[in-house]
Structure formats: C-alpha cells, structure tokens
Amino acid sequence: LTGWAAGYWTMNFTNMLCRTVGDELWLLQATPRRWLKPGETIEVSGLQTEFGPVSFSVRSGLAEGTIEATVDAPTRREPKKLRLRLRAPDGARMKSVSIDGKAWRDFDAATEWITLPSGGGKMKVVARF
C-alpha cells in the first residue's frame, strides 16, 4: 500500500473498534458480525483516545447464549456517553444485560448498543441472547 492508503486503512480499522463522536466514545461500532461467532475474542489494550486510554476484551459465548466484555474505561476525561455495540452473528438478539453482576436496562436490542455507566474504570458486561 502507498503511505496515504495505509494511513486511511488504519484510520478506518481504528474507527471500527473505537470512535469518538462529539463528547461520546463508541466501542465496536462496526465490527464484522463474524468476529463474534462462538468462541471468538476481540481484544484492544491501551488504545489512546482524547478521553484517555481505553482497553476492552470481548469473548463470544454465543453457544451458551452470552457475550461477555470487560471494559476498562478512560479516566483522564469522562465521555458524556460510553457506548458498546455487540453485533452478534446469525440473527442473535440481545435479551438482557448485566454490569458487574447487576441487571442493566440501558441497552437497545434493535440497534445492539449498550450505554455503559459513567465514571471510568473497569467493568464486566454480560449480554444474554
């Protein structure tokens, strides 16, 4: 690839995984659905954002009906919203979400977005399908 093409590819790849939209931080907005087939994992460590570094790991246990994510949210500057999108394959539809073992209602099964709690730091998200 030419330099500009490699830069463009890298920017698009990064935005697929983590993207700043105004005062919000969106995680996994446009990942291919096949990346969350049963047994697959997506990991990002220390990705620099304007809010501070973010790390996350997502493991698909769709064979058992879950996708689990650990998100270490940035703490330098709190985003207005921190959103996580779980694009499940094969028409799997999100039924419920828990964060750190407690039921969480701020999700939209139709768009596959979960709005995470503010405050930064580490949290465990479990989505049931």
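The values are calculated or read from the model by the stated rules, or taken from the named source; none is laboratory data. It should be emphasised that the depicted structure is a prediction, and the values quoted were computed from it without experimental measurement. Cβ: placed from backbone, ideal geometry, glycine included. Neighbour counts: every protein chain shown. Ligands, DNA and RNA are stripped out before the accessible areas are found, and what is left, the full protein with its side chains, is counted by its heavy atoms. Shrake-Rupley method; radii C 1.70, N 1.55, O 1.52, S 1.80 Å.
Would you tally the net charge around Gly91, using a Cβ to Cβ cut-off of less than 14 Å, leaving Gly91 out, and scoring K and R as +1, D and E as -1?
On the way: positive: Arg33, Arg34, Lys37, Arg87, Arg93, Lys95; negative: Asp90, Glu112.
Surrounding charge for Gly91 is +4.
Can you compute the FRET efficiency between Val126 and Lys37 using 1/(1 + (r/R0)^6), with r the Cβ-Cβ distance and R0 = 22 Å? Round to the nearest 0.05.
It comes to 0.80.
What does the extension gain come out to for Thr20 and Thr2, with contour length at 0.36 nm per residue minus their alpha carbon separation? Intermediate results must be reported in sequence, preceding the final value.
Numbers: separation 18, 0.36 × 18 = 6.48 nm, distance 2.62 nm.
The Thr20-Thr2 span can extend by a further 3.9 nm.
Ignoring ligands, DNA and RNA, what accessible area per residue does the chain give at 1.4 Å, in Å²?
Spelled out: the 1.4 Å probe surface of the chain, per residue, equals 56 Å².
Rule-of-thumb check for the chain: C-alpha Rg over 2.2 N^0.38 Å?
Relative to the 2.2 N^0.38 Å estimate, the chain comes out at 1.04.
Using a 1.4 Å probe on the protein heavy atoms, what percent of the accessible area of the chain belongs to carbon and sulfur?
Answer for the chain: carbon and sulfur cover 49 percent of the accessible area.
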